[in-house]
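Chemist: One structure follows; several queries about it will come next.
The values are calculated or read from the model by the stated rules, or taken from the named source; none is laboratory data. The structure displayed is predicted, hence computed values, not measured ones. All Cβ positions, glycine included, derive from the backbone under ideal geometry; neighbour counts span all protein chains shown. These area figures cover heavy atoms from the full protein model, side chains too; ligands, DNA and RNA do not enter into them. Shrake-Rupley method; radii C 1.70, N 1.55, O 1.52, S 1.80 Å.
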Amino acid sequence: MEEGFRLIPEQASAFAARYDLLYWFLTGVCGFFALLIVVLIVVFAVRYRRRPDREAEQSSESLGLELFWSVVPTILVMVMFVWGADLYLDETIPPKGAEDIYVVGKQWMWKVQHPNGRREINELHVPVGRAVKITHTSQDVIHSFYIPAFRIKQDSVPGQYRTMWFQPTRPGQYHLFCAEYCGTDHSRMIGRVVVMEDMEYQTWLGGYTAETPVEAGQKLFVDLDCASCHESGRRQRCPTLGGLYGTQVRLADGRTVLFDENYIRESILDPKAKVVAGYQPVMPTFRGQVTEEQILALIAYIKSLSPNAAVPERSTK
Ligand code: HEC
Ligand SMILES: [Cu+2]
């Protein structure tokens, strides 16, 4: 977190340099044309100003000129589109084997949970050089998870899971902001990201024994009585949840839906919204009975029942 004036934030993730290049390209192209237009306005205003000895005259059309100013901008805009879309896709789809970290935003803090159960608030410890996938949501209003040095920012929306990922390239400490005005203490909804060497990170993680989200979820699954319906004993009435993650589920109304975090979440809070084909809509809603973190734990547990899940992921380039 070097302070002092900087035009753009420091670069600390694999995306940063790629983003900045695109950014400078866009700024350069726009700056060039803005300047060109201003200069031409001034030159033409002077050169073609009204003079007593000159009459205005109509000039004929020029096909060459018209083609030129249609084709050149089209090419430039297509370059921007392809370049931007490529970067956007890379940023959207996390690679295989990324470190899976859950984040819940609330007024006015970020709550973070690591795969082994270690929790932290307004701090995010991550290993350098490894891909880190953030699954985040909000417990109240819209927040926005923003790490300038990594060039990532995404809104945390209540009732929705979003994912993003990054690969830190330099150990150090970086700013974490909420980038969406979310109430009185929005400006204090800040934290820091600590990028550590992998070994150091493992020690940091390991020096802590807590329930993992999977264990917490397994317990909740029994405590909330999910198990009494969903465990294979009563298979005829309720679907077993093993092996489903990442597959397409057929619904009673003929649609199919991807069995992912958002679908599990909806099944828990609003089970009648999407009823599985072949089953009765007898599952009660758990809205108001489970916190965001408990839902995340249940999801982690249900995901763990599908060890070979093929989720939309890509291998690292
Ligand atoms: C009263 C029995 C009952 C209880 C309790 C129950 N469920 Fe269900 N659940 C069902 C039935 C029946 C379905 C299939 C029909 C539907 O989609 O609503 C279902 C569907 C689901 C699905 C979608 C499954 C699929 O194949 O797509 C998920 C996920 C789920 N339940 C999770 C849970 C969780 C988590 C809990 C506990 C918090 C829970 N259920 C509690 C009966 C139950
Ligand atoms: Cu906020």
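Chemist: May I ask you to list the trypsin sites (Lys or Arg not before Pro) in the stretch 235-272 that are in a DSSP loop and have at most 15 other Cβ atoms within 10 Å of their Cβ?
Modeler: Here the sparse-neighbourhood loop sites are Arg235, Arg237, Arg255, Lys272.
Chemist: As an exercise, identify the GluC sites (Glu not before Pro) in the stretch 1-74 lying in DSSP coil whose Cβ has no more than 12 other Cβ atoms within 10 Å.
Modeler: Hits after loop and neighbour filter: Glu2, Glu3, Glu55, Glu57, Glu61.
Chemist: May I have the pair-distance distribution P(r) for the stretch 40-183, computed from all Cα-Cα distances with 5 Å bins from 0 and rounded to whole percent?
Modeler: 2, 8, 13, 15, 13, 8, 6, 5, 5, 5, 6, 6, 5, 3, 2, 0, 0, 0
Chemist: Determine the dipole magnitude for the chain: charges of +1 sit on the beta-carbon of Lys and Arg, -1 on that of Asp and Glu, nothing else is charged, the reference point is the Cα centre, and the result goes in debye to the nearest 20.
Modeler: Rounded to the nearest 20 debye, it is 440 debye.
Chemist: What does the charge dipole of the stretch 1-87 about its Cα centre add up to, to the nearest 20 debye, if the Cβ of each Lys and Arg holds +1 and the Cβ of each Asp and Glu holds -1?
Modeler: 400
Chemist: Measuring with a 1.4 Å probe in the full set of protein chains, what accessible area per residue, in whole Å², belongs to the stretch 213-304?
Modeler: It amounts to 52 Å² per residue over the stretch 213-304.
Chemist: Sticking with this structure for a sec: Which order, highest average first, do 17-28, 238-249 follow once you tally other Cβ atoms within 10 Å for each residue and take the mean per peptide?
Modeler: On the way: 17-28: 13.3, 238-249: 16.2.
Descending mean neighbour count gives 238-249, 17-28.
Chemist: What fraction of the DSSP beta bridges in the stretch 114-196 is antiparallel, stated in percent and rounded to the nearest 5?
Modeler: 75
Chemist: Can you list the residues, at least 5 places off or on another chain, whose amide H is less than 5 Å from the amide H of Ser156, using H built in the peptide plane?
Modeler: Under 5 Å from the amide H of Ser156: His143, Ser144, Phe145.
Chemist: Sort Val195, Val79 by heavy-atom solvent-accessible area, probe 1.4 angstrom, most to least.
Modeler: Ranking Val195, Val79 by accessible area, largest first, yields Val79, Val195.
Chemist: Leaving out ligands, DNA and RNA, and with a 1.4 Å probe, what % of the accessible surface on the chain is carbon or sulfur?
Modeler: 59
Chemist: If amide hydrogens are placed 1.01 Å from N in the peptide plane, which non-local residues have theirs closer than 5 Å to the one on Gly243?
Modeler: Ser306
Chemist: Name the long-range amide H neighbours of Val128: under 5 Å, sequence gap of 5 or more, or other chain; modelled H, no Pro or chain starts.
Modeler: So Val128 has HN proximity to Met196, Glu197, Asp198.
Chemist: How about Lys274: which aspartates and glutamates have a C-alpha closer than 19 Å to its C-alpha, ignoring those fewer than 8 places off in the same chain?
Modeler: Those aspartates and glutamates meeting the cut-off are Asp253, Asp260, Glu261, Glu266.
Chemist: Using 0.36 nm per residue, how much length does the chain from Arg250 to Asn262 gain when fully extended, once their Cα-Cα distance is taken away?
Modeler: Contour length minus the Cα-Cα distance gives 2.7 nm.
Chemist: Residue-wise, which Karplus ³J(HN,Hα) couplings in Hz belong to the stretch 110-117, taking 6.51 cos²θ - 1.76 cosθ + 1.60, θ = phi - 60°, and x for glycine or proline?
Modeler: Calculated HN-Hα couplings, in order: 9, 9, 10, 9, 8, x, 8, x Hz.
Chemist: Please list 3J(HN,Hα) in residue order for the stretch 33-38, calculated via the Karplus relation 6.51 cos²θ - 1.76 cosθ + 1.60 where θ = phi - 60°; whole Hz, with x for glycine and proline.
Modeler: Calculated HN-Hα couplings, in order: 6, 4, 5, 4, 5, 4 Hz.
Chemist: I would also like to ask the following. Ratio of the chain's C-alpha Rg to 2.2 N^0.38 Å, to two decimals?
Modeler: Here the answer is 1.35, to two decimals.
Chemist: Work from the charge dipole of the chain (Cβ charges, +1 for Lys and Arg, -1 for Asp and Glu, about the Cα centre) and give the residue of Tyr279, Val257, Trp110 farthest towards its positive end.
Modeler: The residue sitting farthest along the positive end of the dipole is Tyr279.
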